[in-house]
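Engineer: One structure coming up, written as structure tokens, with questions to follow.
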Amino acid sequence: MGETRGRDDRNRRVPPRAAVRLVASGAVLTLLVGCTGSFLLNPFGWFSDPPPVVFQWDSISPPPILPGAELLDPPPIEIGQVPGPDRYAQDLDVVHYDVELVVPPENDRISSRTTIRYLRERAGPHSLTLDFSGLATELVTARGQVLEFRHESGLLQIETPGRPGVFDTLQVEVMARGIPDDGLILRANVHGAPTAFADNWPNRARAWFPSNDHPADKATVSFTVHAPEGRRVIANGVQVGSPAPVDSTRTGGVSGLLTWRWESRVPIPTYLMVVGVGEMEVLENGLAACEQAPASPREDRCVQVTSWVFPPDTAHAASVFSRTTEMIDLYVDLFGPFPFEKLANVQSSTLFGGMENASAIFYSENAIARGLNIESTVAHEIVHQWFGDSVTPADFRHLWLSEGFASYFGPLFWAQTQSDAEFRTRIEDLKAEYLASNVKDRPVVDEGVSNLLGLLNENSYEKGALVLHMLRDVVGERAFFDGIRRYYQRHAGGAVVTADFQRVMEEVYGQPLDWFFQQWVLRPGHPVLRLDWAWDDELRQARVTLTQEQDSLWPTYRMPLEFEFLMEGGVHRVADWVDGRQWTQIMPLPSRPTELRLDPDGWLLFERVD
């Protein structure tokens, strides 16, 4: 892999870092601009006529990115790599990111200054390792001091003097520029207008700002974005002030920009830290979660709901986002208070069709532009504000705690607002999608996954949702929803693994559930059932045999199951617990049945064979 090194490295044929003179306002660098606009020093006569132009740059601003500048971006790295077991074992707790971005009118590059505040348990000098891959690092400072760094293979390693006191808040500033190879998508939208939208899942925030890019390390974040006049900027949290003109000396020499500021005061993981820049109209959708949104800046503690959409698509967006406030209010009743400052529904030019970014959900530009009904996606992404964004999987291999929850409680909106039959139809759709998948031989919590993007599968989504559905049947309606609320209340703002959820559900159920999570979450597969039955007319009873014929590597399932006998004049149901590869039970009945149905209410995930 290629690398860029600190300012004293002269071993590569790249421009050396500029000489630095420390002043009270920061480190002032003299950069020279040749005829191509490259910001390079010229100690060896690399430039020919015309002579280079001197440009003053101090470290309180992002580095210059005038058009035509030569950008020495590091080689891209594979996205979604599973981190090594010791990668995030360092003594590091990031508490805040302050990200300043310059997005020029050409929309073909960015310049940035990222300030990172963090804590350590040990005092003194130390090596700080951050994830960073997409831009070229130009300068790293701490408390006015220029620091040595090494930038290679997606890691930025910084030697810092630290502070003398234990638990002192530490800070570094990283200045960078270039063309993000991922993470922040610079491109024309579906209507041909320039846009910039962040798309960070699972660990792609590192492609546009340096970070401890792991879901368990949550931090607050603020964004200062210098964007062309006529384009709006949306981000996490609350907007601070109004867009204001900014001098080009603060924007890398780019003129005609307005400065937007956003601040998220609720800690979130890096994969949810986003900005969006483009020509957008803002639609008001109303207020929700009144007196149930403690992070809201409003006096009434309501969540302001808006939609940010491309101008040609405002009519359809007004329709598909019209029930957002209703959805939020339902989920507040089910889960607890809304966790963030606001909610913005955003039409975006990204790679994925929907992304649950905290307080600023990004949706597929094409789906909205084509007039598709995406209300199911809207409900799914809103559920994520509680499960995924506030209660976050500490390890992506426990992704079902995010995607499974959204895939289950999203459809539950229709059970509450339309009919239980509509909800049951959606559950059957989930079963069909899982049973038709190619991941049935993998567990939901897949420790053997080779790339995190591979977790975007039917185990994390459909089977994860069905696990919740079956758990609801096992523990009962009241215990299930009491457990969901208790789980959210206990872990809101935190990071969890499956054992945390199991522990809470065992508390409300009053019995161990290890057998349930082992067979459904930690091991692969599902029951494959063969049903045989015979009627004894003399004894007026049915002999029912249920054989589990699934792969021998899959579990032998223990499960509650209901049997529905159809007979003249009505039906007769028998509920029992099934266990063992072959299970037989005698069931007395009032009359001869004509048919036997398994699981008539659709609680169980299984495959039936004749």
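Engineer: Given H placed 1.01 Å from N in the peptide plane, which residues other than close sequence neighbours of ASN357 have an amide H under 5 Å from its amide H?
Structural biologist: PHE362
Engineer: If one takes the longest principal axis of the Cα atoms in the chain, at what angle in degrees, from 0 to 90 and to the nearest 10, does the Cα axis of helix 498-509 lie?
Structural biologist: Helix 498-509 sits at roughly 40 degrees to that axis.
Engineer: Please give every one of the aspartates and glutamates within straight-line cross-link reach of LYS431, meaning a C-alpha to C-alpha distance under 12 Å, and leave out same-chain neighbours fewer than 8 residues apart.
Structural biologist: GLU458, GLU462, GLU607
Engineer: Let me ask something else. Modelling each spin label as a point 7 Å along the Cα-to-Cβ direction, I'd like the THR314/GLU549 distance in nm, to one decimal.
Structural biologist: Label-label distance for THR314 and GLU549, simple model: 6.1 nm.
Engineer: Also: Determine the relative contact order of the stretch 67-181: mean sequence separation of Cα pairs under 8 Å and six or more apart, normalised by residue count, in whole percent.
Structural biologist: Result for the stretch 67-181 is 33 percent.
Engineer: Skipping prolines and chain starts, which residues have an amide H placed within reach, meaning under 5 Å, of the one on VAL528, given they are 5 or more residues away or on another chain?
Structural biologist: GLU549, GLN550, GLU607
Engineer: Under 18 Å from the 7 Å Cα→Cβ point of GLN81, by amide nitrogen: which residues of the stretch 136-159?
Structural biologist: Under cut-off, by backbone N: 136-137, 150-158.
Engineer: Got a sec? Charge dipole of the stretch 434-492, +1 on Cβ for Lys and Arg, -1 for Asp and Glu; which of VAL444, ALA479, ALA465 is way out at the positive end?
Structural biologist: My answer, from the dipole projection, is ALA479.
Engineer: Check cross-link reach from LYS218 to the lysines: straight Cα distance under 30 Å, and skip same-chain residues fewer than eight apart.
Structural biologist: Result set, ordered by chain and number: LYS342, LYS463.
Engineer: Any idea what the relative contact order of the stretch 486-610 is, in percent, if you count C-alpha pairs under 8 Å spaced at least 6 apart?
Structural biologist: Rounded, it is 25 percent for the stretch 486-610.
Engineer: Apply the Karplus curve 6.51 cos²θ - 1.76 cosθ + 1.60, θ = phi - 60°, to the phi angles in the stretch 588-601 and return the couplings in whole Hz, x for Gly and Pro.
Structural biologist: x, 9, x, 7, 5, x, 9, 7, 10, 10, 8, 6, x, 9
Engineer: Around ASN107, with a cut-off of 13 angstrom between Cβ atoms, what is the net charge of the other residues, counting Lys and Arg +1 and Asp and Glu -1? Could you put the intermediate results ahead of the total?
Structural biologist: Values: positive: ARG109, ARG187, ARG231; negative: GLU106, ASP108, GLU279.
For residues surrounding ASN107, the net value is 0.
Engineer: In nm, to one decimal, how far is the GLU159 label point from the TRP515 one, both placed 7 Å along Cα→Cβ?
Structural biologist: Label at GLU159, label at TRP515, 6.0 nm between them.
Engineer: Provide the per-residue ³J(HN,Hα) series for the stretch 100-105, in order, calculated from phi with Karplus coefficients 6.51, -1.76, 1.60 and θ = phi - 60°, each as a whole number of Hz, with x at glycine and proline positions.
Structural biologist: Along the stretch 100-105, the couplings run 10, 10, 10, 10, x, x Hz.
Engineer: 222 nm [θ] for the chain, helices only, -39500 (n - 2.57) per DSSP H run of 4+, per residue, to 500?
Structural biologist: -5500 deg cm²/dmol
Engineer: Give me the distance between the Cα centres of the stretch 332-371 and the stretch 526-549, rounded to whole Å.
Structural biologist: Taking the Cα centre of the stretch 526-549 as reference, the centre of the stretch 332-371 is 48 Å away.
Engineer: Taking the Cα atoms only, what angle lies between the long axis of helix 375-384 and the longest principal axis of the chain, rounded to 10 degrees?
Structural biologist: The angle comes out near 70 degrees.
Engineer: For the stretch 190-217, list residues with backbone N below 11 Å from a point placed 7 Å from the Cα of ALA89 toward its Cβ?
Structural biologist: none
Engineer: Sticking with this structure for a sec: Leaving out ligands, DNA and RNA but keeping every protein chain, what accessible area does TYR487 have, in Å² rounded to the nearest 10, with a 1.4 Å probe?
Structural biologist: We get 0 Å² for TYR487.
The values are calculated or read from the model by the stated rules, or taken from the named source; none is laboratory data. All values derive from a computational prediction rather than experimental measurement. Methodologically, a virtual Cβ is constructed for each residue, glycine included, from the backbone with ideal geometry; neighbour enumeration extends over all protein chains shown. Just the protein is used for accessible areas: all its heavy atoms, side chains included, with ligands, DNA and RNA removed. Shrake-Rupley method; radii C 1.70, N 1.55, O 1.52, S 1.80 Å.
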